[in-house]
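Taking it in order: structure first as C-alpha cells, then the write-up.
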Amino acid sequence: GDYANGLEVLASRLARAERVQIAVAFVSLSGVRLLGKLLANERPTSIEVVARGADATSPDALISLQDDLGASVSAVMGKDARAFHPKLWLIRNPECLTVMSGSGNLTRGGLVANQEQFEVLEIDLESDEAQAQEERFDLLTSQGKSLNELRESAIWDEWLSVKKKKKTHRD
C-alpha cells in the first residue's frame, strides 16, 4: 500500500509482529516514544535494536528502548561507529518477513517529520531471500556491543561527557 511515512508502515505491520529487528544510525527519545505508542497494545516476543553510539543518538533513548520497551539494545561505538549508517527494519509475523529499508532512522524526523524514502518488501518466511535479509541484519550489526556492557565501560562515560559538553555549548 501507499504510506505517508515510515511510522505508517510500522503501524500496519507491528500488530501481529513476533520479532522486530532494527539497525539504524540514530535513535532519539522522540523516535522511541513513537515506537512505544505503536507497541502499547501488542508487544512482539522480541525487539532488537542496534544503533550508532555517537552523534545524534541519545543515550537516554537507548536506555528507554531497553527499560521501557524491553528491547535488546546494542550500539556500535569507537572507531567503527563513524561508518555504521544502516536503516534496516525487519518485522517477522506468522505470514511473512517485512523488510523496510531506506533513509529513515528511529527518530521523529526519520519516521514522520522528514522527507524520507522507504522500500517495503514482504517476503515468504521460508524463502532464501528472507534468510538472506536476516543474515544481512546479523552482518550489519555484528560489531554492536550490548547496552549493559557499554554502560559499564569508559567509552560510555566519555560519550555522556561529550553529549553534555555539546548541550552546554548549544545552550
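Computed quantities for the displayed model
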item: So V120, is it under 19 Å from the mean Cα position of the chain (by Cα), outside any helix (DSSP H, G or I) and among the β-branched types (V, I, T); result: yes
item: Residue selected from the range 101-144 under the condition of a type in the set (V, I, T) and farther than 16 Å from A4 by Cβ, by the criterion surrounded by the most Cβ atoms within 10 Å (Cβ to Cβ); result: T107
item: Residues that are of a type in the set (S, T, Y) and assigned to a helix (DSSP H, G or I), drawn from the range 29-76; result: S30, S64
item: Any hit, the range 75-92, residues being under 25 Å from A4 (Cα atoms), open to solvent by 10 Å² or more (accessible area, probe 1.4 Å) and more than 13 Å from the chain's Cα centre (by Cα); result: yes
item: The one condition in (1) over 24 Å from Q133 (Cβ atoms); (2) free of Cβ contacts under 8 Å to residues at least 12 places away in the same chain that A83 fails to fulfil; result: (1)
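The values are calculated or read from the model by the stated rules, or taken from the named source; none is laboratory data. Remember, it's a predicted structure, so these values are computed and weren't measured experimentally. Methodologically, a virtual Cβ is constructed for each residue, glycine included, from the backbone with ideal geometry; neighbour enumeration extends over all protein chains shown. Note: areas computed on protein heavy atoms with side chains; ligands, DNA, RNA excluded. Shrake-Rupley method; radii C 1.70, N 1.55, O 1.52, S 1.80 Å.
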